[in-house]
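**Student:** After the structure tokens below, expect a handful of questions from me.
Since every read-out is calculated from the coordinates, none of them should be taken as a lab result. Quantities reported herein were computed from a predicted structural model and do not represent experimental measurements. Glycine also receives a Cβ, built like all others from the backbone with ideal geometry; neighbour counts cover every protein chain displayed.
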Amino acid sequence: MPSIKPHSGYHFDLSGGALCLDFANTVSHRHLPQRRAEHLDSYADLVAFADQSKLLPPKLAASLRARANRDPAGTRSAFRKSIVLRESLYRAFTAIAAGKHARPADVRQINDFALAALQHRKLAQTNGDYRWEWRSNGSDLLDRILWPIAESAAELLTSEDRAAVRECRAPDCEWLFLDHSRNRSRRWCDMKSCGNRQKARRHYQRAHA
Ligand SMILES: [Zn+2]
């Protein structure tokens with residue numbers, strides 16, 4: 001019997017355009033208490049998110065799951081940290097999407113995670129090819145998923161793309177995305193879900209006005 005709760009089977013929506021925004025979008029209907037759905041319920045969900053986002057080689061995802069089963073206390077702590085990071089990301093980028101400044105406490109939090117991630121960067125060389133890799137000393141392996149997410153957040157905060165962060169305009173959705181449309185007029189996190197739903201709603205309202 002595994003000691004960690006199994007993955008809920010949720011298929012993560014990865015339409016944010018940046019890893020850190022996809023991660024912030026792992027709660028649905030955040031502001032509607034009856035419909036709020038938490039998609040990160042356990043460390044196994046976190047591994048599933050990393051797996052679906054292609055953050056990890058498949059072998060590493062399997063060893064993280066095995067490690068999580070062996071180390072429930074470490075897993076709980078890594079999972080708690082992931083939620084702290086996610087909430088800071090959500091607050092900071094929601095503020096930015098609204099044209100405001102992120103709160104200093106959230107920026108500090110993201111900075112702490114990004115610094116921890118930097119300490120695990122390693123320049124690797126294979127046959128004249130060079131690339132950044134993530135290096136773990138073993139004891140911090142359970143945090144491995146958070147490093148690329150924190151790096152993505154620091155990169156987005158410091159890039160011009162920051163001005164393209166938007167919050168979905170559907171009233172029951174508050175997901176974040178990067179608007180790379182030509183005239184910067186994208187309104188929905190995902191045309192297939194929120195976009196079509198909003199169009200249908202407007203059509204219905206017009207037809208029944
Ligand atoms: Zn949406």
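**Student:** Report ³J(HN,Hα) in whole Hz for each residue of the stretch 120-134, in order, from the Karplus equation J = 6.51 cos²θ - 1.76 cosθ + 1.60 where θ = phi - 60°; Gly and Pro get x.
**Tutor:** With the stated coefficients, the stretch 120-134 comes to 10, 7, 9, 7, 10, 10, 9, 6, x, 9, 10, 7, 7, 10, 9 Hz.
**Student:** What nm value, rounded to one decimal, do you get for the distance between H29 and S139 when each label is placed 7 Å out toward the C-beta?
**Tutor:** Once both label points are built, they end up 4.4 nm from each other.
**Student:** Using 27 Å as the Cα-Cα cut-off, could you pick out the over-long pairs in K59/K122; K5/K122; K54/K122? Numbers along the way, then the final one.
**Tutor:** Values: K59/K122 19 Å; K5/K122 32 Å; K54/K122 19 Å.
Going by Cα-Cα distance, K5/K122 fall outside the 27 Å limit.
**Student:** Follow-up. What is the angle, in °, between the Cα long axis of helix 104-118 and the longest principal axis of the Cα atoms in the chain? Nearest 10 is fine, range 0 to 90.
**Tutor:** 40
**Student:** Separate question: In the stretch 1-44, which trypsin sites (Lys or Arg not before Pro) fall in coil by DSSP and have 10 or fewer other Cβ atoms within 10 Å?
**Tutor:** Values: sites: R30, R35, R36; in loops: R30, R35, R36.
When the trypsin sites (Lys or Arg not before Pro) of the stretch 1-44 are filtered for loop state and at most 10 Cβ neighbours within 10 Å, R35 remain.
**Student:** Sticking with this one: Note down the nm distance, to one decimal, between modelled labels 7 Å out along Cα→Cβ at Q52 and at R162.
**Tutor:** 3.0
**Student:** Once both axes come from the Cα atoms, what is the angle between helix 196-207 and the longest principal axis of the chain, in degrees from 0 to 90, rounded to 10?
**Tutor:** Approximately 10 degrees, to the nearest ten.
**Student:** Now for a different question. Given the -39500 (n - 2.57) contribution per DSSP H run of 4+ residues, what per-residue ellipticity at 222 nm results for the chain, rounded to the nearest 500 deg cm²/dmol? Can you show the working numbers first?
**Tutor:** Numbers: 7 runs with 94 residues, N = 209.
Counting only the DSSP helices, I get -14500 deg cm²/dmol.
**Student:** Expressed in nm to one decimal, what extension gain is obtained for the pair S77 and A98 from 0.36 nm per residue of sequence separation less their Cα-Cα distance?
**Tutor:** Numbers: separation 21, 0.36 × 21 = 7.56 nm, distance 3.20 nm.
Stretched out fully, the S77 to A98 stretch lengthens by 4.4 nm.
**Student:** Now a separate question. Can you tell me the dipole magnitude for the chain around its Cα centre, using point charges on the Cβ only (Lys, Arg +1; Asp, Glu -1), in Debye to the nearest 20? Don't jump to the answer; show the numbers that get you there.
**Tutor:** On the way: 35 positive and 23 negative charges, 137 e Å.
Result for the chain is approximately 660 debye, rounded to the nearest 20.
**Student:** For R169 and L115, compute 0.36 nm times the residue count separating them, minus their Cα-Cα distance, and round to one decimal in nm. Don't jump to the answer; show the numbers that get you there.
**Tutor:** Working: separation 54, 0.36 × 54 = 19.44 nm, distance 3.31 nm.
Contour length minus the Cα-Cα distance gives 16.1 nm.
**Student:** Ranking W132, W188 by Cβ neighbours within 10 Å, fewest first, what do you get? Write down the numbers at each step before the final one.
**Tutor:** Values: W132 10, W188 21.
Neighbour counts put them in this order, fewest first: W132, W188.
**Student:** To continue, here is another question. Mind jotting down the distance between the C-alpha centroids of the stretch 1-71 and the stretch 94-128, whole Å?
**Tutor:** After rounding, the separation between the Cα centres reads 20 Å.
**Student:** Another question, then. When Rg is the radius of gyration of the Cα atoms in the chain and Rh is its Kirkwood radius, what does Rg/Rh come to? Before the final figure, lay out each step's value.
**Tutor:** On the way: Rg = 18.6 Å, Rh = 18.4 Å.
Rg/Rh for the chain comes to 1.01.
**Student:** For the chain, list the cysteines whose Cβ sits under 4.7 Å from no other cysteine Cβ?
**Tutor:** That list is C20, C194.
**Student:** If you don't mind, another one. Could you give the angle, 0 to 90 degrees to the nearest 10, between helix 43-52's Cα long axis and the longest principal axis of the Cα atoms of the chain?
**Tutor:** 70
**Student:** Here's another thing I want to ask about it. For the stretch 1-117, what are Rg and Dmax over the alpha carbons, in angstrom?
**Tutor:** 14.9, 48
**Student:** How much length is gained on full extension from K192 to N127, taking 0.36 nm per residue of separation minus their Cα-Cα distance?
**Tutor:** Details: separation 65, 0.36 × 65 = 23.40 nm, distance 4.36 nm.
Once the chain is fully extended between K192 and N127, it gains 19.0 nm.
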